[in-house]
Amino acid sequence: MQKIRKISQLFFLLLIVAIPILNLMEIYFINGSFISLTVGNLAISDPLAVFQAIFLSHKIVPLMLVSILAPIFIVILFGRVWCSYACPYFLMTEFIDKVKIKLKIKSVRNKNINTNKQNIIRYGLLLIGFIVISILGVPLLYLISPPSVISTQVIMIIKHFAITLEVLIILLILIIEIFFIYRFACRYLCPTGTLLSLFQFKNFGLKVEHIGNCSECKACIKVCPLMLDPKIDGDSKQCNNCGICVDSCKDNLKQKTLFFKMK
Amino acid sequence: MSLINKIKLFLNSFDDNEYYRINRMRPPGAVDEKLFMKLCVRCSKCIEICPYRVIKRSDLTKNLEAGTPYIYAEEKGCQLCMNCTSVCPTGALDNKLTYFRDTRIGVAIVDDTICLNHLLYNQEEAGIADGTVAVCNQCFNSCPLKFDAIYLEDMILPTITDKCTGCGICTESCPTSPQKAINILPNGMADINSAGYKQYLKRIEKGGR
C-alpha cells in the first residue's frame, strides 16, 4: 500500500519536471502545472483556482466547469487522495520527517489533538483568504498553496533558468513546519487541500473504518501525519486517505481491525 | 470602498522596474486588463507552451501582478504562433482566437523624434543632411504583416495602420537606444500609466511630436 503511494508520489514529481521538458521538445500532448493541466483534450484544473476566478470575475467559461469535474469526482469517491498520492509538498514533508528521524531531532507534535479545532482553523484561513482576494480583486491564493508554487517554479527553472520570489514563501512555510508547527501547511494553511475537503462527505466515499478488538497500542495515532485519531476521525474532513495508519496497525495481522472501506 | 481602493493603490505602488514598464504586453487573446487580473490563475500554461520563450512570468516584486504572463517586446516580440490562446483554463486568454491576424495585443507607435528614417527625412527637407543618420527600415522589414500593418509613407516614413497586431517584433528589431523609436501601446491596460506611457504622453502634451 505504502509502496504504491510512494511510486505514485514519485511519478507526479517526475511529471512536473517532465512536462516542461516535453514542451521544450515541442510535444504538446501534455501541458500545464498543478494549477491546471491539459492531457490531450482533457483539461484538469485545481478547483481552488477556478473558484477564485469565478468568484472574482462573475464569469463562467464552460471549460472551467468541465476541468474541475474530474478532481471533484475523485475527491467524492476516494477522498483527498490528491494530497497523499500526488502532492509534491506532502512528499517533501515526509522526506523531512525521515531526515529528522535519521538526525534524531524530535518532531513538535502536540499531543492534545482536536480535529474540530483543526478544521475550524483551516476553514477560517480559507475564508480569510477569500476575503483578502475579494479586496485585492486578484486570485492570489496560489501563493500559499505549496504544490502550485512548486510546479510553476519548476516550469520557470526549466523554461527560463530563473526562479521568481514565490520560492521564499515555500521556504518560510518549510521553516515554520520544521521548527514550530508540525505539518503546518497540510493541516492548516494549504487552500487547495482545504477546498478539496469541502467535497469529502461524511457517509460517502472511501473511508478508514474501525471494528472492535483494538489492542489500544495507539500506533496509528503516533504515525498519522495529520495528527488524527484514525479510529474516530476515519471519516473526518482532515483525513487524506494516505493509509499510513492502516499499514501501521498490528492488529490487522490477526484480524481486520483498521481498514479502508467504500461507503 | 475608498479604503479598499487605497489599499489596492498602495499595493500597486511598489513597481520599481521602470525598464520593463515600457513595451510589456499580455499574451495574444488577453481580455481587458481588469478582467484579466481577475481571471488569470497563474498556472504558467502559456509560459510553458510558448516555443519561443517569449512569454515570461512576472515576478513577486511586481506585487499584485505576481505570476502573470508578460511579453517584453524589447527583449523579444511575440512570434504569433497562437499556441497559448487555446491552453488558458479560465478564458483569460480568448480560447477562440486562433488566427494570428485577429490578434490585438496592442498597437505600435512610431516616435518621430527618435526614428532614424524620420530624422533623415526632416534633415533632407531642411537641406542639412550631414550623414549622421541613415535609412533604417528595420521595423518595416521585420514586420510579419508588411504592407498591411506597416507601410512606408513617401517610401521612407514608417506608418502604422489599424491592422497592427502589436506583436512587438518591430520594437525588438529597432536599433535606437536607450529608448526604442517604435513602441507598443498594450491593449486593455487598466490605465495609461500602467502601460508605461507616462513619459511618452508627457512629451506629446509638450508638443514634441
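Things to note:
- Inspection of the range A:65-83 finds no residue satisfying the criterion of being within 30 Å of A:Asn203 (Cα to Cα), more than 9 Å from chain B (Cβ to nearest Cβ), among the charged types (D, E, K, R) and not in a loop (DSSP other than H, G, I, E, B).
- Scanning the range A:20-54 for residues that are at the interface with chain B (Cβ under 10 Å from one of its Cβ atoms), farther than 19 Å from B:Pro51 by Cβ and part of a loop (DSSP other than H, G, I, E, B) yields a total of 3.
- Residue in the range A:212-232 that is more than 30 Å from A:Val149 (Cβ to Cβ), among the polar types (S, T, N, Q), surrounded by fewer than 20 Cβ atoms within 10 Å (Cβ to Cβ) and free of Cβ contacts under 8 Å to residues at least 40 places away in the same chain present: yes
- Within the range B:11-58, the set of residues being at pLDDT 70 or above and surrounded by fewer than 16 Cβ atoms within 10 Å (Cβ to Cβ) comprises B:Asp32, B:Lys34, B:Pro51, B:Tyr52, B:Arg53.
- Top-ranked residue of the range A:145-167 - restricted to ones that are among the small types (Gly, Ala, Ser) and touching a residue at least 24 places away in the same chain (Cβ under 8 Å), ranked as farthest from the other protein chains (Cβ to nearest Cβ): A:Ser145
- Enumeration of residues in the range B:124-138 that are within 16 Å of B:Asp154 (Cβ to Cβ) and among the charged types (D, E, K, R): B:Glu124, B:Glu125
- Cβ pairs under 6 Å, 6+ apart, first in the range A:195-209 and on the phi < 0 side of the Ramachandran plot, second in a helix (DSSP H, G or I): A:Leu195/A:Pro47; A:Leu195/A:Leu48; A:Leu196/A:Val75; A:Phe199/A:Ile72; A:Phe199/A:Val75; A:Phe199/A:Ile76; A:Leu206/A:Phe78; A:Val208/A:Pro230
- Close Cβ contacts (under 9 Å, 6 or more residues apart or on different chains) running from residues in the range A:249-263 that are closer than 18 Å to A:Val223 by Cβ and in contact (Cβ under 8 Å) with a residue 40 or more places away in the chain to residues that are assigned to a loop (DSSP other than H, G, I, E, B) and among the basic types (Lys, Arg) comprise A:Thr257/A:Lys250.
- Residue match in the range B:97-120 (condition: part of a helix (DSSP H, G or I), touching a residue at least 24 places away in the same chain (Cβ under 8 Å), away from chain A (no Cβ under 12 Å) and buried (at least 24 other Cβ atoms within 10 Å of the Cβ)): yes
- Test result for A:Ile178, at pLDDT below 90, touching a Leu at 6+ places or on another chain (Cβ under 9 Å) and outside any loop (DSSP other than H, G, I, E, B): no
- Test: residue in the range A:174-184 that is within 12 Å of chain B (Cβ to nearest Cβ) and out of contact with any Pro (no Cβ under 9 Å at 6 or more places or on another chain): no
- Residue within the range A:5-19 that is among the hydroxyl-bearing types (Ser, Thr, Tyr), assigned to a helix (DSSP H, G or I), touching a residue at least 60 places away in the same chain (Cβ under 8 Å) and within 23 Å of A:Val149 (Cβ to Cβ) present: yes
- Search result, residues across the range B:51-73 that are more than 8 Å from every other protein chain (Cβ to nearest Cβ) and of a type in the set (A, V, I, L, M, F, W, C): B:Val54, B:Ile55, B:Ile71, B:Ala73
- A search for C-beta distances below 7 Å between a residue of the range B:74-94 that is more than 12 Å from B:Cys46 (Cα to Cα) and more than 10 Å from chain A (Cβ to nearest Cβ) and any residue that is of a type in the set (A, V, I, L, M, F, W, C) and surrounded by fewer than 20 Cβ atoms within 10 Å (Cβ to Cβ), counting only pairs 6+ apart in sequence or on different chains, returns B:Leu80/B:Phe100.
- Of the candidates B:Pro144, B:Pro158, the single residue that is modelled with pLDDT of 90 or more, surrounded by 15 or more Cβ atoms within 10 Å (Cβ to Cβ) and assigned to a loop (DSSP other than H, G, I, E, B) is B:Pro144.
The values are calculated or read from the model by the stated rules, or taken from the named source; none is laboratory data. Model, not experiment: these values are computed from the prediction. All Cβ positions, glycine included, derive from the backbone under ideal geometry; neighbour counts span all protein chains shown.
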